[in-house]
Amino acid sequence: MQRTHNNRAWWLVLPVVIVVAFSAIIPMMTVVNYSVQDIFDPSTRFFVGTEWYREILRDERLHDSLIRQFVYSFAVLAIEIPLGIAVALSMPRKGFMVSLCMILLALPLLIPWNVVGTIWQIIGREDIGLYGWALGQLGIDYNYASNPADAWVTVLVMDVWHWTSLVALLCYSGLRAIPDVYYQAARIDRASPWAVFRYIQLPKLKSVLLIGIMLRFMDSFMIYTEPFVLTGGGPGTTTTFLSQTLTQMAIGQFDLGRAAAFSLIYFLIILLVSWLFYTAMTHQDSDDA
Amino acid sequence: MEWMAWTLPTSLFFAGIGTLLLGMTAWQFVTPTLSRQGFLPIATTRGDRLFIGLLSSGWLHLLWLGFTDQVLWMISIVCVVWMLVLMKWG
């Protein structure tokens, strides 16, 4: 690209910049200020330099929490993305069933996070919950409150139940946008259903999938409410993810300096991943163009 | 501003970032940037390179703090050099 753009339209962004300054940048600067001090309130504070960062970066509890967080986010992606594609592929293409499927798929997305946690807390119980009871009847010893593996399965199933619809709806819209001529060409070539998926549908779904993966990664990486309501982070700390660890530190222990340093590290991780996705998406656009 | 709990080092840090952004804006008005390919695997504008430089410097500082007990200004110097290289040839 060898030409420059007229940048005057950037002035239109000014109102947003002002709002973001007050809602994000100024609080963020405050967090940076907090992270280099031992602070209880603005009048009781001591400068400690990078002490908190050194401590946080070597804290075993946080390493464990970070590893759990990554495992969780990747597990969520590994299940929800293929499942979402499969659901989108099996959805009808026309007729009243389309609306019905869309409504059914959209329902879980409308439920607030803490309600999802409560639903699964009840549904997973062995005595009154359908899921827990059914597993018990099958002879499976299942208890999400005392067994870490069961707690993990429940937290994952809950997220899959809540968010696979989003991936499915995104993929469905991507599939509908593929012009029919591609399928006609595939029929002329007698392409197998797998070949149609591999060489037509999947490449055309690439951009919506990138958005889907990014949204699901960000959201699962920040997850707080659902595991907090369902397991409270337990048993022990086996389902305590990053944001819960951070909240415990900031509000439970009132350790503001350490929590601020931790938030900034958390922020840098999110920033890096978002930038990677953003770059992948914009470069794909320029490759396609 | 008392509630923001300012300290001298963080004020200097933000003043530095602010100056950098203002300087880049002024530079953009004088000579608009062109997207070009350097040693980075993607084509970048000046602003992209500044962002990549700042983000990678943040990470380098964290790695330094996490893995060594050396003083911080050593990595800061490395980062300044890295950012200059990136802006010029990135």
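What to note about this one:
- GNM result for chain A, Cα springs below 10 Å: residue of A:LEU272, A:LEU175, A:LEU12 fluctuating most strongly: A:LEU12
- Span from the the stretch A:43-94 Cα centroid across to the the stretch B:16-90 one, whole angstrom: 26 Å
- Relative contact order of the stretch A:165-289, taken over Cα pairs closer than 8 Å and 6 or more residues apart, is 20 percent.
- Computed on chain B, with alpha-carbon pairs under 8 angstrom and 6+ residues apart, the relative contact order is 26 percent.
- Residues whose placed amide H lies under 5 Å from that of A:GLN37, excluding near-sequence neighbours: A:VAL48
- Surface per residue (accessible, 1.4 Å probe) for chain B, Å²: 61 Å²
- Here the Gaussian network model covers chain A, with springs between Cα atoms less than 10 Å apart; of A:MET29, A:MET102, A:MET214, A:MET29 fluctuates the most.
- Rounded, prolate or oblate (a/c below 1.5 giving rounded, otherwise prolate when a/b exceeds b/c) for the stretch A:66-167 by Cα gyration tensor: prolate
- Between the stretch A:145-169 and the stretch A:238-289, the Cα center-to-center distance that results, in Å: 21 Å
- Straight-line reach from A:LYS94: taking Cα to Cα under 19 Å and skipping same-chain neighbours fewer than 8 places apart, the aspartates and glutamates in range are A:ASP180.
- Compactness of the protein assembly as shown as Cα Rg over 2.2 N^0.38 Å, two decimals: 1.18
- With Cα atoms defining each centre, the stretch A:95-113 and the stretch A:191-206 are spaced 26 Å apart in the structure.
- For the stretch A:91-99, backbone phi angles converted through the Karplus equation (6.51, -1.76, 1.60; θ = phi - 60°) give residue-by-residue couplings of 6, x, 9, 8, x, 5, 4, 4, 4 Hz, Gly and Pro being listed as x.
The values are calculated or read from the model by the stated rules, or taken from the named source; none is laboratory data. This structure is a prediction, so every number in the text was calculated from the model and none was measured. Quick note on the areas: whole protein, heavy atoms, side chains included, nothing else; ligands and nucleic acids left out. Shrake-Rupley method; radii C 1.70, N 1.55, O 1.52, S 1.80 Å.
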